[in-house]
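The values are calculated or read from the model by the stated rules, or taken from the named source; none is laboratory data. Since we're looking at a predicted model, the values are computed, not measured. Every residue, glycine among them, receives a Cβ derived from its backbone with ideal geometry; neighbour counts consider all protein chains shown.
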């Protein structure tokens with residue numbers, strides 16, 4: 001047994017690409033998640049950052065077994081989720097829940113808040129009696145900041161922020177220990193985003209939730225997370241304490257990501273130089289050899305296309321990155337005002 | 001918590017016993033349908049025709065097979081409101097009885113196609129993969145069989161049976177239903193709320209019953225209202241070919257067939273059954289169109 | 001002389017549920033070569049306002065109730081004939097949209113879509129137009145432009161498609177570019193590329209740009225002036241520095257305070273309580289008053305209007321106007 005609550009070992013999720021009408025054969029594989037190692041202690045909030053197509057959502061779903069990984073292992077509280085099958089997995093799902101990006105799509109339009117929440121509760125708590133059910137649902141609604149007077153309302157009668165609250169309540173209805181939030185605020189307005197982030201941070205603290213917060217927005221992630229993992233093309237390229245990763249990025253990709261985050265300050269915005277990466281992220285079907293980032297990397301040397309860099313830290317700390325020039329590059333974002 | 005709650009805005013005073021009623025999408029759809037005049041007229045016509053067909057025969061002094069050879073074919077009169085046919089049978093009464101048959105065929109055959117089609121389509125779409133492929137190829141093969149030959153084969157094998165007519169028609173119509181439902185389920189399956197239901201650990205049966213089917217009910221209802229007239233036309237067509245209901249029983253299709261044979265001498269024998277069938281088909285189509293508009297989720301968001 | 005002057009624009013949507021006043025009396029102007037940012041949350045009317053100017057509002061249910069939009073001191077875009085507008089839109093006023101995939105025709109080759117405006121507006125020969133199209137693609141940084149002209153939209157990545165959209169918008173060398181959330185659908189690292197490209201092209205062509213965005217941060221480094229919109233009205237307008245360093249309207253200040261990146265970690269994020277008002281209901285007074293921490297009695301009673309508080313800087317806050325409130 002290890003000290004970690006959640007352990008992910010060499011997780012790979014590949015999707016076969018098939019062609020052919022009569023005889024389907026594999027013509028390639030999309031390596032959405034390609035060898036991820038992560039561990040998280042109970043109650044810790046991990047931010048998972050990356051651009052679209054980097055595999056961060058697939059990683060989240062693979063951890064929760066919504067997509068079954070191709071290889072590797074996910075251990076939650078000493079139990080292997082990857083080895084669970086059928087009914088055992090279904091019953092174990094109470095321990096790990098997910099919050100989705102689009103609160104307009106993640107709620108069944110034909111179910112009231114009461115229906116949705118009580119369905120979730122009854123699935124894993126058959127003993128719950130009719131009389132106990134309603135007060136429990138009301139309590140849960142209050143907990144996520146929704147008035148119980150909306151018990152019988154349907155999802156379309158709520159605003160985006162309120163719907164996200166319902167989705168959070170539904171995930172919490174089964175008392176999970178691990179929560180994966182996949183871009184939970186990117187579909188919401190700025191002023192509503194802050195409300196939801198606060199709510200998640202507060203609930204995580206109260207319920208001792210282990211939270212994986214997936215987002216493309218570094219500034220959002222930085223605020224809520226204890227640690228940040230940066231993903232690029234199916235791999236984690238940098239991992240460390242949130243403040244460290246943000247203010248002292250080691251990996252060239254993280255540097256670019258941090259430098260691209262706009263700040264609402266006209267002077268510093270105009271003065272600073274962004275690291276503008278050429279081109280778009282390559283496809284995960286034919287990832288470049290060696291370091292997946294080397295074709296876009298401003299610091300790339302010949303060796304970068306040869307070897308896949310190992311995860312390493314500068315000083316033996318928990319702030320690690322996979323870059324062969326780790327020790328040559330200055331930490332931090334260059335040229336910032 | 002209390003502090004956070006206070007900042008939660010839209011909510012004035014969380015009073016537990018005051019629960020606001022919600023407005024389901026069904027209710028919204030009904031409110032929209034009510035504003036569609038053509039659909040409502042269609043609905044009334046259907047209700048009227050069904051009621052009359054059901055209770056009409058009891059009120060009528062004539063029976064559908066009671067012949068009056070002395071009278072023969074006579075035009076509409078006070079005794080026979082819609083006239084009589086060549087055998088002197090009261091046309092109105094025969095239309096009532098025909099309505100029973102035609103509507104029963106329409107509804108039963110549609111129910112048959114609905115049950116098979118929805119189950120088949122939902123399973124095929126939801127399970128997906130190889131199962132889906134095999135199930136859909138079976139549909140393709142059945143689809144390619146010529147319908148008339150299929151029915152004639154059934155008739156030859158099992159004799160001219162009224163029940164068989166439902167089954168035969170229903171067994172053909174479910175193919176389209178299954179395809180439509182499968183398409184809907186496929187697009188629904190990728191919705192996040194289905195994924196959320198899986199993540200919650202719900203059983204497959206419950207996900208299908210509670211999350212998938214209620215969300216394809218819209219298209220199912222619409223397609224049903226459009227299937228009924230199709231089925232009624234098929235019945236009329238089969239009766240026209242002489243493969244449908246057998247004399248002296250009548251259906252709207254067989255009445256039209258008989259009327260057509262003598263339409264030059266006794267036009268009322270064609271005109272009245274034709275009018276009734278046409279009215280029913282129009283009404284169903286208008287209702288179907290209205291339902292489609294009313295159930296369209298896009299229009300509920302405007 | 002301003003390039004475009006908008007006066008008292010009102011646009012509403014007439015639906016079964018009632019009349020929604022999406023834009024409710026908006027006035028602003030934009031000079032030649034200037035960059036104007038329009039910031040607001042969803043439903044603030046920022047997009048509807050600009051779409052009204054170029055007749056891109058679906059009508060019905062949309063209806064332009066009143067207003068003027070004088071373009072280049074001669075034409076009122078809202079009352080001019082359809083053919084006059086056709087001659088301006090896509091030629092002198094160009095637009096780019098949030099989602100480059102849905103704004104390109106998937107069945108048409110990039111090249112054909114690209115040169116369409118040239119064939120329509122300039123009566124150019126096809127060969128000549130194709131040459132110009134290739135130049136335009138090279139200008140926005142698409143390699144192998146000659147071959148790429150024959151590609152279909154799905155063969156491009158998101159960032160590349162947005163580049164194509166920009167090339168298409170700029171091929172007629174417009175005087176005004178309206179960019180509606182041009183980087184929202186793109187990744188952070190690609191966002192920077194696209195903003196830089198727009199900025200460079202603006203300098204080359206000397207055109208004016210209206211950047212519509214929900215993101216204050218994007219606007220802050222890009223625009224000369226900023227309009228803050230809320231519930232179909234402009235709440236504050238002024239030079240970018242003034243808007244950010246000297247915010248006057250409580251809503252503007254609250255919006256800036258709630259940006260996660262600016263706040264110390266571990267602290268609870270600042271939030272604006274409540275939700276934007278329902279625009280289908282008539283609001284008396286300031287539509288923000290129910291959510292505003294500075295609101296007093298008269299805020300929910302007296303009508304609001306934009307008034308200058310310092311040169312070039314106007315606010316619609318009643319308390320700032322009456323009591324010199326500093327937020």
Within segment A:88-107, residues being at the interface with chain B (Cβ under 9 Å from one of its Cβ atoms) and farther than 22 Å from residue A:200 by Cα number 4
From the list B:218, B:201, exactly one residue is on the phi > 0 side of the Ramachandran plot, in contact with a helix residue (DSSP H, G or I) (Cβ under 8 Å, 6 or more places away or on another chain) and within 14 Å of another protein chain (Cβ to nearest Cβ). Which is it? B:201
For residue A:236, are the conditions met, namely being in contact (Cβ under 8 Å) with a residue 40 or more places away in the chain, more than 13 Å from chain C (Cβ to nearest Cβ), farther than 16 Å from residue A:331 by Cα and out of contact with any helix residue (DSSP H, G or I) (no Cβ under 6 Å at 6 or more places or on another chain)? yes
Does at least one position in segment C:256-264 carry a residue that is assigned by TED's automatic domain parsing to the domain that holds residue C:195, part of a helix (DSSP H, G or I) and closer than 28 Å to residue C:194 by Cα? no
So, restricting to strands (runs of 3 or more DSSP E) that lie completely within segment A:1-65, which ones have at least 1 residues that are loosely packed, with under 14 Cβ neighbours inside 10 Å and on the phi < 0 side of the Ramachandran plot? A:6-19, A:25-40
Of all residues in segment C:133-147, which are out of contact with any helix residue (DSSP H, G or I) (no Cβ under 6 Å at 6 or more places or on another chain) and either assigned to a helix (DSSP H, G or I) or more than 14 Å from every other protein chain (Cβ to nearest Cβ) (or both)? C:135, C:139, C:147
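Taking segment A:250-276 only, how many residues are part of a loop (DSSP other than H, G, I, E, B) and under 30 Å from residue C:255 (Cα atoms)? Break it down into steps so the answer makes sense when it comes.
As a first pass, look at segment A:250-276 and keep what is part of a loop (DSSP other than H, G, I, E, B): A:250-251, A:261-265, A:272-276.
Still in the running and under 30 Å from residue C:255 (Cα atoms): A:261-265, A:272-276.
Of the residues in that region, 10 qualify.
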In segment A:266-274, is there at least one residue being under 20 Å from the mean Cα position of the chain (by Cα) and crowded, with 19+ Cβ neighbours inside 10 Å? no
Which condition number does residue C:298 fail, the rest of (1) modelled with pLDDT of 80 or more; (2) closer than 20 Å to residue C:18 by Cβ; (3) out of contact with any strand residue (DSSP E or B) (no Cβ under 6 Å at 6 or more places or on another chain) being met? (2)
For segment A:255-273, enumerate the residues that are at the interface with chain C (Cβ under 7 Å from one of its Cβ atoms) and in contact (Cβ under 8 Å) with a residue 60 or more places away in the chain. A:257
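For segment A:143-153, check the following and say yes or no: at least one residue is part of a helix (DSSP H, G or I), facing chain B (nearest Cβ under 9 Å) and either under 25 Å from the mean Cα position of the chain (by Cα) or under 30 Å from residue A:54 (Cβ atoms) (or both).
Yes - at least one qualifying residue is present in segment A:143-153.
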So the check is Cβ under 9 Å with 6+ separation or different chains; which pairs have a first residue in segment C:191-206 that's over 13 Å from residue C:179 (Cβ atoms) and a second one that's modelled with pLDDT of 90 or more and crowded, with 19+ Cβ neighbours inside 10 Å? C:205/C:174; C:205/C:175; C:205/C:177; C:206/C:175
Failed condition for residue C:119, given (1) over 26 Å from residue C:158 (Cβ atoms); (2) outside any helix (DSSP H, G or I), with all others met? (2)
Can you tell me which of (1) surrounded by 18 or more Cβ atoms within 10 Å (Cβ to Cβ); (2) over 12 Å from the mean Cα position of the chain (by Cα) is the one residue B:241 doesn't meet? (1)
